[in-house]
Each structure stands twice: as C-alpha cells, then as structure tokens.
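Read-outs throughout are calculated quantities, based only on the coordinates presented, and are distinct from any laboratory measurement. Computed from a predicted model, the values in this text were never measured in an experiment. Note that we place each Cβ from the backbone using ideal geometry, even for glycine, and neighbour counts take in every protein chain shown.
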Amino acid sequence: MPDLFYIIISSFGIRDLIDIAIVAFVIYKILGFIRETRAEQLVKGLLILLAAAFLSDILNLYTLSWILIGAMQFGVIALVVVFQPELRRGLEYVGRSKFIKPQFAHIDKDKAKAATAAIIKAIDFFSTTKTGALLILEREIALNDIAESGVTIDSDISTELLKNIFYEGAPLHDGAAIIRNARLYAAGCMLPLTESKSLSMDLGTRHRAGIGITEYSDAVALIVSEESGIISTAKDGTLTRFLDVKTVEKTLLNLFLAEKEETTNLFGVLNLFKRKKDAEE
C-alpha cells in the first residue's frame, strides 16, 4: 500500500494538477449555475431516479429496474427538452467575451453621462407620477429579435422623449424601450415573460417581462411600477426592488463606463506587451 501511494505521488505532475484544477472549476461553475436556476429541482429529481435504479438493481426488483433503465436510455433527449432554457443561458454565458466586442466600449464619457442624466430624470418623474415604465439596457447579447417586435427609433435619449413614450394612452407605453449604446434604439417591444413560480403575486406583467428578458439575455431592466411608483432593476433573472434614483444612476454609469474602462485597460496592457516585445527584438 505505501508503495502504491508512492507511485501515485511520484507520477503526479504539474499537468495533472492543472487538469484537476480545470475539472474542479468547471464542476464548481456548473453547480453554481444549477443552483441559480429552476434546474436545481430537476437535478434533485434526476438523482432520486438514479438512486432508485441502483437500489432496484441490487434488490433484484426486475420490473422496476427495467422501467427505470429504459427511461434513462431516453433521458438525454428528455433533459435537452426540459433544460432547454438553462442550456441556452449557459451557452450564452460561455460565449460572452469582453475580448471580442464590448457593447459600450466606444461610448464617449460625456455622452454616457448625458444619457444617464436623461434616464434618471425620466425615472424620477415616472416614480413620482406612478407612470409604468420598462427600459431594457442591451449589453453584449444583441436583442434584434426583441427590437423587431416594436418600433425602431434609434435616437438620442432625452427625458421628454421617454415621457412621451410611456405616457398613459400613448401607442408604445405598454411595451419596453430598448437602449443600445446609450441611444434609444426601439420602443413598444414585447418581451418574454419569466416562468418563475416564486415571484410575489403583486408583481404584474411589466415586472415579469423585465425579469424574463434578463433570463433570456444579459440585459439589465429598469422597471417603474404603475401601481406604486416603486423603482426596480432586474439582472440575471433576479429582481431588486425599492431603489432610489441615486442607486439607479450608479447602475447606469457602471454599465455605460465600466466596460469601456476595462477594455481600455486591456488594450493598454496589450500595447505595453507589444512595445516590450518590439524593444527586445
């Protein structure tokens, strides 16, 4: 036994350590992703079925074992169907990369501040007057299919324009407005509703749509309740309520400017590396 342990230790190299670390990291991320979605309950059910199949085989319960094993042979197809929303979100998460094309990388700082000020002023007005509003801030995942369900505007953001869009009785007030690159890209857009069963019953279609689009993409939703004037944000399928305008302003500035700063730093590092390499040559 000590000899076997010594052989294992002596043959363990840096590549084995890297291999184990990568596998452990992937498993950790998968478990974390499962815990954040409805897939957690489905995985628990799957583990129960696996345990039942194992016990039925040990106890020689032939009929039950045959049924369970036969069901698991078609389980892969069933899992793809059942987990389709979660699989899509997982693949979209893996496919996101700030190294390719950050959505806000080319936004001018002054333009971002002007757009933020206009949005904040409108949000404050909506909250005070209890005007329902739903603004979607597009990030890395393009929402072209969602925008096509509404009316393309592609205009600079102004408080008065947002007031006109969400004015009760206006043709576009029931839909969502999509903001792309600090511009109002489309309005009156229809969004997918969340399928979550844990939401409070006092949340209406506007909130469910705001949460739904953040489950569908990496967008951030700004929501103002028509009944109470409460300001909320939704991100990654999670709703945060009872916000003040200062918090919303900070959120907007982080969205518009943080990725730009990160990208600038990235290219600065790459340029520094290139200059150092050229100097060595």
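Sorting Thr247, Thr159, Thr194 by the number of Cβ atoms found within 10 Å of their own Cβ, with the fewest placed first, yields Thr247, Thr159, Thr194. Among Val151, Val248, a tally of other beta-carbon atoms within 10 Å of each Cβ gives an order, fewest to most, of Val151, Val248. With neighbours defined as other Cβ atoms within 10 Å of a residue's Cβ, the residues Glu148, Glu215 order from fewest to most as Glu148, Glu215.
Under the shape rule built on the C-alpha gyration tensor, where the axes satisfy a ≥ b ≥ c, the stretch 207-255 is oblate, since a/c reaches at least 1.5 while a/b does not exceed b/c. Loop-located trypsin sites (Lys or Arg not before Pro) across the stretch 176-237 with a Cβ neighbour count of 12 or fewer within 10 Å are Lys197, with loop assigned by DSSP. Backbone geometry of the stretch 217-231 corresponds, through the Karplus equation with coefficients 6.51, -1.76 and 1.60 at θ = phi - 60°, to 3J(HN,Hα) couplings of 8, 9, 5, 10, 10, 10, 10, 10, 6, 6, 7, 10, x, 5, 9 Hz, x marking Gly and Pro. Rounded to the nearest 0.05, the FRET efficiency derived from the C-beta distance between Phe242 and Ile18 at R0 = 41 Å is 0.35. Over 25 Å apart at the Cα level, from the set Lys130/Lys246; Lys109/Lys235; Lys121/Lys197; Lys109/Lys130; Lys111/Lys250; Lys163/Lys250, are Lys121/Lys197; Lys109/Lys130. May I ask you to derive the FRET efficiency for Val81 and Asn60 from their Cβ-Cβ distance with R0 = 30 Å, giving the value to the nearest 0.05? It comes out at approximately 0.40.
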